[in-house]
Structure formats: structure tokens, C-alpha cells
Amino acid sequence: GARRATAYVCSDCGSEHSKWQGQCVDCGQWNTLSEIALEAAAAPVKSGVAQSRRSGWAGKVDPPAITALKDVTVSEESRETTHIGEFDRVLGGGLVHGSVVLVGGDPGIGKSTLLLQAVAHMSQTLPGLYVTGEESLAQVAGRAVRLGLPLEGVHALAETCIERILEQAAPMGPRLIVADSIQTLWTETLTAAPGSVSQVRESAARLVRYAKETGTAVFLVGHVTKEGGIAGPRVLEHMVDAVLYFEGESGSRFRVLRAFKNRFGAVNELGVFAMADKGLREVPNPSAIFLSGSREAQPGSCVMVTREGTRPLMVEVQALVDASPLSNPRRVAVGMEGNRLAMLLAVLHRHGGVAVGDQDVFVNVVGGIRVQETAVDLPLLLAVLSSLRDRPLGEMTVAFGEVGLSGEIRPVPNGEERLKEAATHGFKRAIVPKANAPKSGKVAGMEVIAVERLADA
Ligand code: TYD
Ligand code: MG
């Protein structure tokens, strides 16, 4: 059919609509639709597959034929190591040829550093191109020298126009392109300003198409906006093969790279790094780095064993409960979901008999890490109670467990592994769901207290 010249894209969920509406019908958010210009010649792509199908129907190539799945030749995706173990881990075992990976994070978190390190090491064996739209070539080279990176074989280009980038890239034939950042790129075919949703989206679509056509792997660097999405373009999340977020606290030197979406690997896998004076250093054994130095028991603190990705991680959950001057006391959660905090406080009231309705409640996961799994429930409520009563939980105590709406404590996966990890770090006591506790009540000399109900805990 005839192509529309414009469309409306939701900045929250990325869905596309043909006309403007106050509310996005897909995700229900209000005032998130913004107009984008569609390029007449090349419609935006959602994925490489959709694109090849589209061009197929346009009659340029043979139309796809129906094939029995068993007759399709399956080739193992060939992967390239980034020479950074923690990066490979988050990618699912290395970078897949022809894949497009979005690396998002706050400005200054270390995205350019990480990708410069990766491209420098990878360029020793395959041609790599680092395209910078934010820094001059001298700045990039200066940083590479300071980081002591091998410069042989690393090519760089300071350019923001996507047509000129692809024109320059073609004769060089890179196998890897880093575009830093996607927000600076723009295409001549659109009149919208660089950084606008339509420019970011169309520039990314061009790079996706280039990656699929040539088998070049592409990293897109994206700054996260205040709303938490990648500059309007949550849109980009649909277009790329993998989305990795770089997280960390400004005060802490530790950084966590998290797979949020990955067509070629597990999601929620974590890679852990430390920002040092020679760039990002891997932390291959990160289990205890998020614990604060002193392990003296403090009111309002509870250590938990979380298991994000494939490794157990010890993290400290802190709570501050304080009489509120407000008629509507505050609930602030950092490092975990705010709605879950509100729900858990309601369970604490109904099934634990502890009311905090007139108190401000602040909770924080130490070290700038986010805990997404429900195993945080029990340690969180223990920290809240400990702060409310101003009594520490007891020395060297850990906890984990999900709390249900009727006050039951539910088991979480990999309980035994979590307990062993805590025992390894010298913890003496664990408060865990009954189904996660060993019959003997002990793990490697650590006392395990099994609880079935919130009131028991
Ligand atoms: P950068 O990679 O430029 O962040 P992004 O691309 O995500 O905006 O990282 C910038 C920060 O990292 C800056 O505040 C300085 C710090 N840094 C170090 O501490 N050590 C280093 O070796 C480098 C390169 C940066
Ligand atoms: Mg940067």
C-alpha cells in the first residue's frame, strides 16, 4: 500500500501508531507519542528479518519460499571474543557476527571506555572501526594511549552523518563498528534535528540494515535519559539483537553490565567491572564486592545473597524508617522496584502486625546495583523492621526469600548455592524460606533458620 510520510512512536514502549492519540493504546502511557518522519525510500525496520522480508515483497530478490524446518541448515552462530571475559559473559559467550548490540547507560558511566577497550583488542584480529560523534579523534587516540591499548589495526572516524559513515566504511570493510553515540547520528534523508526520535531511529535502522547485509557486528552506544529510556528510543530496543545496560553509582568505582535483552544469550546476566586509572578492569569473582567494609551489625541493614545471571552475589539492603511529618509519608526505593516496596509494607502490616503508615520508608541496595528478583523481599522487610525497632539483626546474618501476599515465605531458585556462598564469606546465620533450608539446619557450619510465615521471620 501507499506509505505514510509520518508515524507516531511511543517513547515509553516504542510501538508505532498511524495517528496521534493522547494515550498509547499498547502500554497505556499518556502523552508519550511523538511524530516521526518516515523516509519514503526505506521504511523503518523493526529487525533484520522484517527488513529482508519487506525487500522480498518489493520484488528485488526472490520471494522467500516455505521450507520444512528440518531441512534448514543450522549453523552455530559464530562468535568473536571481545577479549574482555565479563563482556563476553553478558553477550552470551562473545559477540555474534552481524549482530547489533545497544549499550546504554548514564553519561559518564564508562560506555566509551568499555567499547574503546573492546574494539582495540578485537582489532588485533579483525578490522574494527570506532565512529565517534562526541569526541575528536585526538581525544579518542589520547585516551587509548593513556589506557595502554594496542593501537595497531584500530580505525577511527569522527563523523555523524550516517550516509558518510557508511560510504567511508564500505571500502574498508570493517567486521566491527562502534557508533558512539547513536544520539549524535543523523541522516540526510530526514530534516528533523539530530538527537530527535526520528533521526535516532532512522540512523539505527540504517546501521541494523548494514549489519545484516554485510555480517558486520555493530555496537550502538546510547545515553539513557532521565525517564530511564534510551533517548526517546526505547524504540531502539525493538530493532537490535541485544540491549545491555551499564549501571553503577557515581560514588562507587564498580560498574555492572546487564543484559536486558539478548537474542543470543541469557537475559539478566551480569558482568562486573571496576573503573580504575587504566580504564575498566574486570572483576571475575564479584560475589562480595558490594558489601561495605565493616561487617558490624547496624540497625536497618540486612545482607542478602542474590543470584542475578549465573552467579551468586552478596549485597546489602538498607532501610531507614523515620516518623513522617507528611500526611502522605514517603516511600523511596533505590535499586529495587518502588511498587514492590509498597506491596511488601502492606504485607508487613497485615501479616506481620507492624504498621509503618505514619513513617517515611527509604530503602537502598548498596553499591548502585539493581536487584530485580523477588528474593530481596525478606531481607528488605527485615531491614525495615530492624530500622523501625532500631535493633541490628545480629552479626554475620544473611537472608533471602520471596514474600507472598498472604504473608507466606516462598522459596527462591538455587537456595543451596546461595547458602554455600554466604558460608564461604564467613556468615554465621541465615534466615531463609523453609523449602530452601537443608534438613540438618546447617550449611558448612552456618546456622540456617527456616521460616514459613512472615510472622516467624
Ligand atoms: P566514559 O567512557 O567517557 O563514559 P560514557 O561514554 O559512558 O559517557 O567514562 C568517563 C568517566 O570514566 C570519566 O568520569 C572518567 C572515568 N575514567 C576513569 O576513571 N578512568 C579511565 O581510565 C577512564 C578512561 C575514564
Ligand atoms: Mg562516551
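The values are calculated or read from the model by the stated rules, or taken from the named source; none is laboratory data. On a predicted model such as this, the values are computed, not experimentally measured, just so you know. Cβ atoms come from the backbone with ideal geometry, glycine included; neighbour counts cover every protein chain shown.
Numerical summary
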item	result
Subset tally (residues that are under 25 Å from the mean Cα position of the chain (by Cα) and modelled with pLDDT of 80 or more) for the range 11-26	3
Residues being within 28 Å of Pro127 (Cα to Cα) and out of contact with any Leu (no Cβ under 9 Å at 6 or more places or on another chain) - total across the range 186-207	4
Leading residue by the ranking (nearest to Pro286 (Cα to Cα)) among those in the range 68-90 that are in a loop (DSSP other than H, G, I, E, B) and in contact (Cβ under 8 Å) with a residue 12 or more places away in the chain	Ile84
Residues being under 20 Å from Asp456 (Cβ atoms) and within 18 Å of the chain's Cα centre (by Cα) - total across the range 337-374	1
Any hit, the range 144-159, residues being within 11 Å of ligand 1 (Cβ to nearest atom) and under 24 Å from the mean Cα position of the chain (by Cα)	no
Selected residue (only one of Asp322, Asp377 is acidic (Asp, Glu), touching a residue at least 24 places away in the same chain (Cβ under 8 Å) and in contact with a helix residue (DSSP H, G or I) (Cβ under 7 Å, 6 or more places away or on another chain))	Asp377
Total residues in the range 166-195, condition of a type in the set (A, V, I, L, M), part of a helix (DSSP H, G or I) and under 28 Å from the mean Cα position of the chain (by Cα)	1
Any hit, the range 246-258, residues being more than 16 Å from ligand 1 (Cβ to nearest atom), surrounded by fewer than 22 Cβ atoms within 10 Å (Cβ to Cβ) and either modelled with pLDDT under 90 or assigned to a loop (DSSP other than H, G, I, E, B) (or both)	no
Any hit, the range 364-385, residues being more than 24 Å from Lys428 (Cα to Cα) and modelled with pLDDT of 95 or more	no
The range 416-435: number of residues that are surrounded by 21 or more Cβ atoms within 10 Å (Cβ to Cβ), more than 12 Å from Leu313 (Cα to Cα) and at pLDDT below 95	1
Leading residue by the ranking (modelled with the lowest pLDDT) among those in the range 224-238 that are outside any loop (DSSP other than H, G, I, E, B) and surrounded by fewer than 24 Cβ atoms within 10 Å (Cβ to Cβ)	Val224
Inter-residue pairs, beta-carbon under 9 Å, first of a type in the set (S, T, N, Q) and in the range 107-119, second outside any helix (DSSP H, G or I) and within 6 Å of ligand 1 (Cβ to nearest atom), 6+ apart	Thr113/Leu147; Thr113/Met275; Thr113/Gly279; Gln117/Leu147; Gln117/Gly279
Complete set of residues in the range 99-137 that are polar (S, T, N, Q), closer than 26 Å to Lys212 by Cβ and either near ligand 2 (Cβ under 9 Å from one of its atoms) or surrounded by fewer than 22 Cβ atoms within 10 Å (Cβ to Cβ) (or both)	Ser112, Gln124, Thr125, Thr132
Test: residue in the range 100-110 that is over 25 Å from Leu147 (Cα atoms), part of a loop (DSSP other than H, G, I, E, B) and more than 16 Å from ligand 1 (Cβ to nearest atom)	no
Qualifying residue in the range 180-197 (condition: in contact (Cβ under 8 Å) with a residue 60 or more places away in the chain, assigned by TED's automatic domain parsing to the domain that holds His121, of a type in the set (A, V, I, L, M, F, W, C) and within 16 Å of ligand 2 (Cβ to nearest atom))	yes
Single condition Val178 does not satisfy, out of (1) more than 16 Å from ligand 1 (Cβ to nearest atom); (2) crowded, with 19+ Cβ neighbours inside 10 Å	(1)
